[in-house]
Amino acid sequence: MDKKQKNLTLTLFILIIGGLLAGLIWWLKPDSAAMPAPSINMTNAPDPSLPLGASETIAPTEGATTSLGNVSAFSTGLENMPKSLRDTDVDGEIIIDENKQLVVTEGLRRLFDYFLSALGEEDEATIIARVEAYIRHHTPEPAASSAVEIFHQYIDYLKALEGIENNYGNLQMQATRAGELDLNLVAQRRQDVNQLRRQYFNTQTIDAFFGADDTYEDYSMAMVRIEQDDSLNAEQKQASREDYISRLPDGPIKQNYEQQANLGKLMQRTQEMKAAGASAEELFAMRRELVGEPAARRLAQVDAEEADFDARFTQYQAQKQALIHKMGGEANAREQIASLESHYFNELERKRLTGYAALKESLASNSQ
């Protein structure tokens, strides 16, 4: 791997970790919604002298809709929903046991994030009133009061977390200018975040809210550590990644990591086999082994569509060059070229033409 490729790989890993450190990474977590953690401006932090749950007058975010006059009118919490949440299903869950006690789950956190994602459309006080109304309308006591209390703790935690993220974000940006992620800095940041969580939540809530995130962060750190180990060659790094995943507890999270690893292997094997002239049947067999038959069939369909596009592109390019030659230049043939594009490609495909032409040219140059 040359220096440019290595820096690119490191950059990809940095982006993965950076996304995690900035918020929630939902896409690898089983049964999670792709709802990012909201960012609550520190300037809106409540007065610490106020009791938990009390609200003060807070200036709304610029462009936000303020409905403080109507917050007492919330009954279900779903009245007059902000535009971004209209016609959507409420994400998350509120679970109670047989004694009507709250069972804290990751779904409760997703519920909070669902409503908090509208910050900017609605001010903080309105969202707080909306969530409290939603909880109390759908949840009996004492579970309702417990959920409301955790919701306020979560808001305060997010405000405090912003300071940590800003500080470590700036430090990490300086560290990565040298081309590597500073794992010691990431570990220190994680220690500070864990300490902050203990200030706001009990152990049960921490495990429920953040357990999946911590598992993914462990995985991400292990992958970066392997990538940065210059004593390993490419094959040894791949073996180390597979060994790490194999030692994870069985379950949906491990399955997701195995699928991600298989995707990387799939791309590499596909490229190698196509370069060697493998048949469609051989490609299908390899893909079925790595990602299963349904995915292999979808990939075969993609191959067929790409082959069809490439064939049309070849015809288009030949006729385009003939037109340019006949008309004495591309500018003179512009109308005819546009008509040619419409004949061979639909609107979406036409957006690919410039990039596809550049890719074909690059591949042709590399093969010489």
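As a calculated quantity, the FRET efficiency between residue 234 and residue 254 at R0 = 35 Å, using C-beta atoms, amounts to about 0.90. Using a simple spin-label model with pseudo-atoms 7 Å out from Cα toward Cβ, residue 194 and residue 100 lie 3.8 nm apart. By other beta-carbon atoms within 10 Å, ranking 254, 320, 274 with the fewest at the front produces 274, 254, 320. Note on residue 312 and residue 263: with the Förster distance fixed at 25 Å, the Cβ-Cβ geometry gives a FRET efficiency of about 0.30. Residues 221, 267 in ascending order of nearby Cβ atoms (within 10 Å, fewest first): 267, 221.
Computed from the C-beta positions of residue 276 and residue 78 and an R0 of 51 Å, the FRET efficiency is 0.35 to the nearest 0.05. The simple spin-label model puts a point 7 Å past each Cα toward its Cβ; for residue 289 and residue 184 those points are separated by 4.4 nm.
Semi-axis lengths, largest first, of the ellipsoid equivalent to the stretch 259-368 are 35, 15, 11 Å, with √(5λ) applied to each eigenvalue of the Cα gyration tensor. Put in line by how crowded their Cβ is, counting other Cβ atoms within 10 Å and starting with the fewest, 325, 138 read 325, 138.
Laboratory data are not the source of any read-out in this text; all were calculated from the coordinates shown. The shown structure was predicted, so the numbers you read here are calculated from the model rather than taken from an experiment. For neighbour counting, all protein chains shown are included, and Cβ atoms are generated from backbone atoms with ideal geometry for every residue, glycine included.
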